[in-house]
1. 7 Å from Cα along Cα→Cβ at both Glu331 and Val88: what's the point-to-point distance in nm?
2. With +1 on each Lys and Arg Cβ and -1 on each Asp and Glu Cβ, how big is the dipole of segment 112-209 about its Cα centre, in debye rounded to the nearest 20?
3. Compactness ratio of segment 1-64: Cα Rg over 2.2 N^0.38 Å, N = residue count?
4. Quote the convex hull volume per residue of segment 188-228, based on C-alpha atoms, as a whole number of Å³.
5. Quick one: Tyr367, Tyr279, fewest Cβ neighbours within 10 Å first, how do they rank?
6. Considering the chain, what Rg and Dmax in Å follow from its alpha-carbon atoms?
7. Set the Förster radius R0 to 51 Å, insert the Cβ-Cβ distance between Asp161 and Tyr279 as r into 1/(1 + (r/R0)^6), and round the FRET efficiency to 0.05.
8. Apply the Debye scattering formula to segment 212-321, with a single equal point scatterer on each alpha-carbon and no solvent, then give log10 I(q)/I(0) at q = 0.12, 0.15 Å⁻¹.
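All of the numbers you see were taken from the coordinates with simple rules; none came from a lab. Small disclaimer: the values here were computed from a predicted structure and weren't measured. Neighbour counts run over all protein chains shown; Cβ positions are idealised from the backbone, glycine included.
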Amino acid sequence: MPIQALQVQRTPFYYYDMQLLRDTLQHIKRLAEDKHYAIHYAVKANGNPRIMDEIFQAGLGADLVSGGEIKAALAEGCSPQQMTYSGVGKTDWEIRLGLDNEIGCFNVESVPEMMVINQLAMEMDKTAHIAIRVNPDIDAHTHRYITTGTAHNKFGISIEDLNQVISLALTLPHIHLRGLHFHIGSQITDMQPYVMLCDTINGLLRDYEQRGVTFQMINVGGGLGVDYDDPDNHNMADFDRYFGTFSQHLQLRQGQVLHFELGRSIVAQCGSLISRVLYVKQGRGRQFAILDAGMSDLIRPALYQATHQVQNLTSTSDRLERYDVVGPVCESSDTFASDCMLPTTQRGDLIAIRSAGAYGESMASAYNMRSLPPAVFSL
Ligand code: LLP
């Protein structure tokens, strides 16, 4: 979108490049063609209706973590059979909502949860299709807040307990065990943890086959990372290497479907947070570019020390200066970038914070009683 069009918008706002989103979806679909893949979009990454609509129209399913997300995905036309519902703390009404709509799969995280699902399904005269989430104890080498597959994490059922849980699942009359689910973490750019995951799954498939237990599907979760440092040169995640890793290392059985739950890699690069410089303030030995966007609009830098590229869209200066780019919220963690080199920046300049399409708008809050940022879309 031309800068003039962006300039008339009230800031801050999220700007989405819909063509990039469509290109990304086409690329994923090409790679998944002719394969037994079911690709779900992890709605938590970005639940904006226009974004979801584009993704579901492309035929992807949904990975959901709350009743609110189930309702939103239904409203955007995602078919219930293509829905998976994950999370360690599903409430009764959320489980009922899933059962009522006959969603494709509950990813079950504990025995007590499985018993409740069976009970509620019995009361509603339904069968719940489930996958058991396994905690494979694999370190994904990512930020500790978004590592989910190690023994210290609250997620999933340990491999030691799996036997017992599977035996129990097979006896529950309102539970249909479809397969196994895994998710080891997010923003993963090194494929080694995925190779380890494949090895673990291969071992489990062999063991269970010997006991006469087979699975219709395996779900390997999401987690593929994007390049936050260079979004212009890498505007798509490395889907070829990611899918290639699974097709090379995972020994799926005849007819078995491989499910994925991708969030960040689908939407991160198509979104930017657009903001305006309110003030340039000289501090002791530093200068601050103070924006009208803050951690309430994009919390990733404050919460995970995440780095996003910051660009001045309107400065015409060819001189580079050093800035701390900060927001207006009353916390020192409200900093988007420290020691950031930008062309000479002044009040009124438009600033883009890049790669903000995932976990940006969806994690925005009203902290400091600020308004939620609106969204603007390209054609
Ligand atoms: N499946 C499950 C079970 C998950 O917990 C997640 C993300 C995904 C799929 C999607 O993962 P993705 O493909 O987006 O990496 N707010 C953090 C990320 C939290 C991820 C939580 N789970 C951030 O901004 O980095």
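1. About 2.1 nm, to one decimal.
2. Working: 6 positive and 11 negative charges, 45 e Å.
Roughly 220 debye, rounded to the nearest 20.
3. Values: Rg = 14.6 Å, N = 64, 2.2 N^0.38 = 10.7 Å.
Working it through for segment 1-64, the quotient is 1.36.
4. Details: hull volume 2.1 nm³, N = 41.
For segment 188-228, the hull spanned by Cα atoms encloses 50 Å³ per residue.
5. Details: Tyr367 15, Tyr279 12.
Sorted ascending by nearby Cβ count, the order is Tyr279, Tyr367.
6. Just the Cα atoms of the chain yield Rg and Dmax of 22.3, 71 Å.
7. Working: r = 56 Å, r/R0 = 1.10.
It comes to 0.35.
8. Once normalised to I(0) and log-transformed, intensities are -0.64, -0.84.
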